[in-house]
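Here is the structure we will look at.
The values are calculated or read from the model by the stated rules, or taken from the named source; none is laboratory data. Since the structure is predicted, the reported quantities are computational estimates derived from the model, not experimental observations. Counting neighbours? That spans all protein chains shown, and the Cβs are built from the backbone with ideal geometry, glycine included.
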Amino acid sequence: MSELTGLRALVTGGAAGIGLATAQLLATSGAQVAVLDLAPDDLPAGLRAYQADVTDDISVRSATDAAADALGGIDILVNNAGIGAIGSVEDNDDAQWHRVLDVNVLGMVRATRAALPHLRRSERAAIVNIGSIAATAGLPQRALYSASKGAVLSLTLAMAADYVREGIRVNCVNPGTADTPWVGRLLDQADDPAAERAALNTRQPMGRLVTADEVAAAIVYLASPAAASVTGTALAVDGGMQGLRLRPAGQ
Ligand SMILES: NC(=O)c1ccc[n+]([C@@H]2O[C@H](COP(=O)([O-])OP(=O)(O)OC[C@H]3O[C@@H](n4cnc5c(N)ncnc54)[C@H](O)[C@@H]3O)[C@@H](O)[C@H]2O)c1
C-alpha cells in the first residue's frame, strides 16, 4: 500500500498543466482525487471532476462540499489554480490587478475556507499552495503576477502559523518556468516562439524548463505523511534559478 492510500485530495486548477500532473500523481500514489476547475473536461479516468471558478465563493463552496461528500472527506488541498499577467507596474489597469489577485490570492483563500471544515476532521491534513519563482526573484515584466505570488508566499506562512496547533500543515511550492499549456500560450504570443523558448531555457541554470511532473512530485511530497514535520516552508522546483549564481558557461 502506498502512503497516500486512504487519503482524499482536492486539486484546484487540476484540469491542465501542474494541477493535472499533481492530480494524476496523487491518484497513482493511492489517494482518491477530486479536481476543481473552470473547465474540468476530458479528465483521465479515476479523477472526479467538479466545475467551479475560484473567484466565485458559492461555486467553490458547493464544489468542495460535493467533492468531500463523494470522497468521504478531504485530507489534502492543493491550491493550484492561477493565471498570469505580463507587464511592468505601468502596464496593467486596475481591473487586471483586481482580476489576477482575485484568482491567484483570494482564490486560495476561498478554497481553503471551504476545505477547512473537512481538513479539521482529518488526521493527516495538509495544504499545498502553488507559488512561483516570481515570489522570490525579480523577473522583468511580471509586476502584477509577482505581487500575487509574493502574497501567496506570505499567506502560506500565516496559514501555517494559524493551523499548526490543529494539525493542519501548510506549505508552498515555488516552480520555475514549467513546460505547461500556460507557457505554451505565452510562447505562442511571442514574435519568435522558438527564440523565446530558447531564451527561457537559457535563463535556467539547468538549461531547460522544469516539467509539470517534477513540480507535482514536490507537491505530493509536501502533501504526504512523509512530510509530517514540514510546515511553513517554500520548496523551490526551479532548476536552480533562485539559489544559484553561475559564471557564464565556459568561464
Ligand atoms: N507554468 C509555469 O511556468 C509556472 C511557474 C510558476 C508557477 N506556476 C503556477 O502553477 C499554477 C498552475 O500553472 P500551469 O502552468 O499549470 O497553468 P495552466 O494554465 O496550464 O493550468 C491552470 C489550470 O487552472 C484552471 N483555472 C484558471 N483559472 C481558474 C479559476 N478562476 N477557477 C478554477 N480554475 C481555474 C485552468 O482552467 C487550468 O486548468 C499556477 O498557480 C501558476 O501561477 C506556473
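Criterion first (at positive phi, more than 15 Å from the ligand (Cβ to nearest atom) and either among the polar types (S, T, N, Q) or touching a residue at least 12 places away in the same chain (Cβ under 8 Å) (or both)) does residue 239 satisfy it? No.
Let's see how each residue does on (1) more than 19 Å from the chain's Cα centre (by Cα); (2) closer than 30 Å to residue 122 by Cα:
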| position | (1), (2) |
| --- | --- |
| 203 | yes, no |
| 206 | yes, no |
| 217 | no, yes |
| 226 | yes, yes |
| 232 | no, yes |
| 236 | no, yes |
| 241 | no, no |
| 247 | yes, no |
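Hey, could you check the stretch 1-36 for residues that are modelled with pLDDT of 95 or more and among the hydroxyl-bearing types (Ser, Thr, Tyr) and say which is nearest to the ligand (Cβ to nearest atom)? The qualifying residue nearest to the ligand (Cβ to nearest atom) is 12. Quick check: is even one residue across the stretch 117-131 more than 24 Å from residue 65 (Cβ to Cβ) and within 14 Å of the chain's Cα centre (by Cα)? Yes, the conditions are met somewhere in the stretch 117-131. The condition of being acidic (Asp, Glu) and surrounded by fewer than 16 Cβ atoms within 10 Å (Cβ to Cβ) holds for only one of 188, 238, that being 188. Within the stretch 161-201, the set of residues being in contact (Cβ under 8 Å) with a residue 12 or more places away in the chain and small (Gly, Ala, Ser) comprises 161, 167, 176, 178.
Residues are listed down the side, and each one gets a yes or a no for (1) free of Cβ contacts under 8 Å to residues at least 40 places away in the same chain; (2) over 18 Å from residue 124 (Cα atoms); (3) within 17 Å of the chain's Cα centre (by Cα):
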{"position": "10", "(1), (2), (3)": "no, no, yes"}
{"position": "21", "(1), (2), (3)": "no, yes, yes"}
{"position": "26", "(1), (2), (3)": "no, no, yes"}
{"position": "30", "(1), (2), (3)": "yes, no, no"}
{"position": "40", "(1), (2), (3)": "yes, yes, yes"}
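Filtering the stretch 75-91 to residues that are part of a loop (DSSP other than H, G, I, E, B) and over 24 Å from residue 109 (Cα atoms) leaves 88, 89, 90, 91.
If the condition is being out of contact with any Gly (no Cβ under 7 Å at 6 or more places or on another chain) and over 15 Å from residue 242 (Cα atoms), then the stretch 199-214 contributes 199, 211, 213, 214.
Per-residue answers, yes or no, for (1) touching an Asp or Glu at 6+ places or on another chain (Cβ under 9 Å); (2) closer than 16 Å to residue 180 by Cβ; (3) not in a strand (DSSP E or B):
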| residue | (1), (2), (3) |
| --- | --- |
| 2 | no, no, yes |
| 6 | yes, no, yes |
| 15 | yes, yes, yes |
| 21 | yes, yes, yes |
| 41 | no, no, yes |
| 96 | no, no, yes |
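Among the residues of this structure, residue 54 counts as one that is assigned to a loop (DSSP other than H, G, I, E, B), within 13 Å of the ligand (Cβ to nearest atom) and of a type in the set (A, V, I, L, M, F, W, C). Select from the stretch 144-178 the residues that are part of a loop (DSSP other than H, G, I, E, B) and surrounded by 18 or more Cβ atoms within 10 Å (Cβ to Cβ) and write down the one among them that is farthest from the chain's Cα centre (by Cα). That would be 168. Considering (1) within 14 Å of the ligand (Cβ to nearest atom); (2) closer than 15 Å to residue 83 by Cα, the lone condition that residue 143 does not fulfil carries the number (1). Residue-level check: of (1) touching a residue at least 40 places away in the same chain (Cβ under 8 Å); (2) farther than 17 Å from residue 15 by Cβ; (3) of a type outside the set (Ser, Thr, Tyr), residue 117 misses just (1).
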